[in-house]
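The values are calculated or read from the model by the stated rules, or taken from the named source; none is laboratory data. Please read these numbers as outputs of a predicted model, since none were measured by experiment. Neighbour counts are summed over all protein chains in view; Cβ atoms, including those assigned to glycine, are modelled from backbone coordinates with ideal geometry.
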């Protein structure tokens, strides 16, 4: 059996503690425009825990350590890419409420900075929903038409707009959705529309 090094063991222990405590304020997530719900980890990820499995055994410590490595040391339910942690929420709400939910978890609606990162986010959605669901990203030009900004404050350099987009069709289409159309590209949309969403935050877990 492999012997865990102290730093890796500490990360695994912290992962177990965080999974048990659910510190992400998910009891405050908005499901509907006027409702607050409790969103268990299992429901959010379409994941079920094996019956009778209890934390604390040597086998589960090793399993948690392996899961931690696969998650790149992001906290439970989040997945790492390029030093950031991402999470997909299959809940259809407005852009503003999606951003509110992300902020409640010390995150923001996800920004995307490369083709590889976009492909990762697409795979994250597909692995949960088995489809390329349309989902909110953190892009918006609400402050000034045509000037797109990320809600996390990072530079808006990369884009994957669908052909002819963004067009602000009908006016006030100021929020960015991904996986639009047959090419699964970006589209500007009315921010009051309801979509699933992806949050991201810096990986500061370990």
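In summary, residue 166 fulfils each of the numbered conditions (1) at pLDDT below 95; (2) farther than 19 Å from residue 99 by Cβ with the single exception of condition (2).
Selection of first residues in region 105-116 that are more than 14 Å from residue 151 (Cα to Cα) and of second residues that are buried (at least 20 other Cβ atoms within 10 Å of the Cβ), restricted to Cβ pairs under 7 Å at least 6 apart or on distinct chains, gives the following pairs, ordered by first then second residue: 105/24; 105/199. One residue stands out among those in region 156-206 that are at positive phi and part of a loop (DSSP other than H, G, I, E, B): the one that is nearest to the chain's Cα centre (by Cα), which is 184.
Listed conditions (1) modelled with pLDDT of 55 or more; (2) crowded, with 18+ Cβ neighbours inside 10 Å; (3) in contact with a helix residue (DSSP H, G or I) (Cβ under 6 Å, 6 or more places away or on another chain); (4) under 19 Å from residue 198 (Cβ atoms) are all met by residue 73, apart from (4). Of the residues making up region 106-133, not one is at pLDDT below 95 and buried (at least 21 other Cβ atoms within 10 Å of the Cβ).
Scan region 152-163 and give yes if some residue there is within 18 Å of residue 99 (Cβ to Cβ) and surrounded by 18 or more Cβ atoms within 10 Å (Cβ to Cβ), otherwise no. Yes; the residues of region 152-163 include at least one that is within 18 Å of residue 99 (Cβ to Cβ) and surrounded by 18 or more Cβ atoms within 10 Å (Cβ to Cβ).
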